[in-house]
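Working notes, beginning with the structure itself.
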Amino acid sequence: MRFPVPIPHVALGAWVVFAPLVAQAPAGYQKPPKEVLEVLNAPLAPDFLVSADGRYALVGERNRYPKVADLAAPMLKLAGIRIHPKTNTLHGAGYLKNLAVRTLEGPQQHPVALPPNLKISNLRWNPAGTQIALGLISDTGMELWLLDPVTAKAKPIPGIQLNPLLGGAMQWLPDGETLLVKLVPAQRGAAPVAPDVPPGPKVLDTTGSRAASSTYEARDLMKTPHDADLFEYYTRSQL
């Protein structure tokens, strides 16, 4: 005996798919919860730089986190050096954001008034402990300032742009009054421009010699004559 088999009804037509709505993340940079921020922004121990005579100390507050603008600034990777081409300084170098002079014989501490846009990078006491040379990074380069520990007042030395690449930018001589500085050469002209046409073919030597390779990012060997020209341009100094 046969029983009829029911045939399901199939509706012909277009399928409409409703995708779930995804909440779009708010624009801009986000901050972690308050509890995390309190840990990240906990005060650091101050930096101390004591004078040779033991009378004064420079007290600095180190900048813990670089600004997004600093990280996004142009960078040249040449022979293991990260160069900020606009300021002729090290890209991403640490700096102090506040500075004070403290007398070690008592609790007096006097803040040093500096323009807010300058980053405190280099500090050098003279042998007598009567002056401090400061290297302050502006938007255009590293300036030279002199600080009097007695008054805690600093003044710029006009017309000087320091070059901190390949070593320190300044050094006091034994007399305590003369300062030897490395300057960006005067009238050095514009930075070299990459040629539109390579000067020659790229040649790789595959003679079979084996050598250990490195994954250390900071090496960044110079690969072209233009890299060598840029390295010489930014690292050349005038004493």
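The values are calculated or read from the model by the stated rules, or taken from the named source; none is laboratory data. Predicted model only: the values in this text are computed from it and were never measured. Cβ placement follows ideal geometry from the backbone for every residue including glycine, while neighbour counts extend to all protein chains displayed. Side chains included, ligands, DNA and RNA excluded: accessible areas come from the protein's heavy atoms. Shrake-Rupley method; radii C 1.70, N 1.55, O 1.52, S 1.80 Å.
Details
- Counting only Cβ charges, +1 for Lys and Arg and -1 for Asp and Glu, the dipole size of the stretch 78-152 around its Cα centre is about 260 debye.
- For the stretch 90-152 versus the stretch 34-61, the spacing of their alpha-carbon centroids is 13 Å.
- Accessible carbon and sulfur surface of the stretch 137-176 relative to its total accessible area, %, 1.4 Å: 59 percent
- Rounded if a/c under 1.5, otherwise prolate or oblate - the stretch 131-239, Cα gyration tensor axes: prolate
- Full-stretch length increase - Lys77, Met222 - with 0.36 nm per residue and alpha-carbon distance subtracted: 51.4 nm
- Cross-link check: pairs Lys153/Lys182; Lys119/Lys223; Lys119/Lys182; Lys86/Lys223; Lys31/Lys77; Lys31/Lys119 evaluated at a Cα-Cα cut-off of 29 Å; pairs beyond the cut-off: Lys119/Lys223; Lys31/Lys77.
- Shape category assigned to the stretch 34-78 from the gyration tensor of Cα positions, a/c cut at 1.5: oblate
- A dipole drawn for the stretch 104-239 from +1 and -1 charges on Cβ atoms has a positive end, and of Ala133, Leu123, Phe231 the residue lying farthest that way is Phe231.
- Shown for the stretch 75-126: the carbon plus sulfur share of the solvent-accessible area, taken with all protein chains present and a 1.4 angstrom probe, equals 52%.
- Net length gained if the chain between Leu44 and Thr178 were fully extended (0.36 nm per residue, minus Cα distance): 44.8 nm
- Here each label is just a point 7 Å from Cα along the line to Cβ, and for Asp53 and Lys153 those points are 1.9 nm apart.
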